[in-house]
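Report on one structure; see the data block that follows.
The values are calculated or read from the model by the stated rules, or taken from the named source; none is laboratory data. Quick caveat: nothing in here was measured; it's all calculated off a predicted structure. Here the Cβ is made from the backbone with ideal geometry for all residues, glycine too, and neighbour counts use every protein chain on show. Ligands, DNA and RNA are stripped out before the accessible areas are found, and what is left, the full protein with its side chains, is counted by its heavy atoms. Shrake-Rupley method; radii C 1.70, N 1.55, O 1.52, S 1.80 Å.
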Amino acid sequence: MINQTRNNRVLFGLMSFGASGMGFFICLPFLLALASASGQTLAPTREAPRNVPEFYDNPPALIYRLDTSPRMVSPHGVFVSYQVNVDANGNNIVGDAANECTISVDPTNGNKMAIGWRQFNSVSSNFRQGGYGYTTDAGIHWTFPGVLENNVFRSDPVTNSDETGTFFYLSLLQTFCENMYRSTNGGQSWTELQPDGLAGGGDKQWFTIDKTGGPGHGFQYQSWDTATCSGSGQFSRSTDGGVTWQATIAVPNSADLGTLDVATNGNLFIGGEGEFNNVFYCIRSSNAQIGGQTPTFDQVTSVNMGGVLGGGGINPAGLNGQLFLAIDKSGGPTNNNIYMLASVVPSGRSTTDVMFVRSTDGD
């Protein structure tokens, strides 16, 4: 994912609901940029950029990060944000930069979380690497051990965890090919599950894990845009915990720039915007959970999100936001409701709205 806006702090936010503990958390990589832009005129948005290759014109930066300053702790009403990319003493590292963070929580212990981000060793360099950090106290203090591979260009980090608290980190190489990493110690260290680039995939990838008790338990699913590693297809499945990935499959309407989730009955859903028609879709596969079958997509529903995905504005070379799809797996009256949220540019406008829709009959 091309993004030329680099931020020297990654912030993790907590919203407290009283002394009983944490109620909400969010990864906030653009908080400082947004704050500094408050009250200023932003550049106009445009249609979401696609198939723009990851590139860099700088070699790996010399790591000169010797100066430190106090870490950022930013209260705002009921929110408190804590800086993530800190040194061994918990201080801000002057001169480094990071963005595009994703966070995962250990479902067996909410105090343990892992974050992946694009790490820049210098604010003046666009050479990006796979940075990561972890916490054991619900986000108050963080440890930043380094990057997945020193001096290896990596981008578009996506993290997730299974129901046992094992974390996974999907990372994009400049070739549009990927690697899946696994951590069994709360994100403190990561094991590459295949040689560089052999997890297939493509640009702006996302993945999800089947955490149900059905036949697809433990399966991993990923989708990406039409800039691909293999040259075709936008979807793949792993039935062995992210180690090997099956041949790529086309996604209806080339829907991309979205996320995936699995319902409690094992049905897989992909959300995305059509590559060539700017229509949003919610796409279902009922048989992706059957390991002996090639996944097919048996339900394709167009969704009115009130606009289209855009770029420009705050981020001059990348998306203003993508489409997020999530499924309620609470087991209650709203179980398997499907929710979609996106930052879109409405027709006739050059500014962005955040839109939210819900389906109560997705299955």
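The separation of region 211-227 from region 138-189, counted between C-alpha centres, amounts to 18 Å. Summarised in one figure, the compactness ratio Rg/Rh of region 229-288, Cα atoms and Kirkwood Rh, is 0.98. Tally up the carbon and sulfur contribution to the accessible surface of region 154-293 as a whole percent, 1.4 Å probe, everything protein left in place. It is 51 percent, rounded to a whole number. Across q = 0.14 Å⁻¹, region 97-148 modelled as identical point scatterers on its alpha-carbon atoms has Debye log10 I(q)/I(0) values of -0.37, in the order of the q list. Between ARG358 and ASN304, the modelled label-to-label distance comes to 1.8 nm, taking each label 7 Å out from Cα in the direction of the beta carbon.
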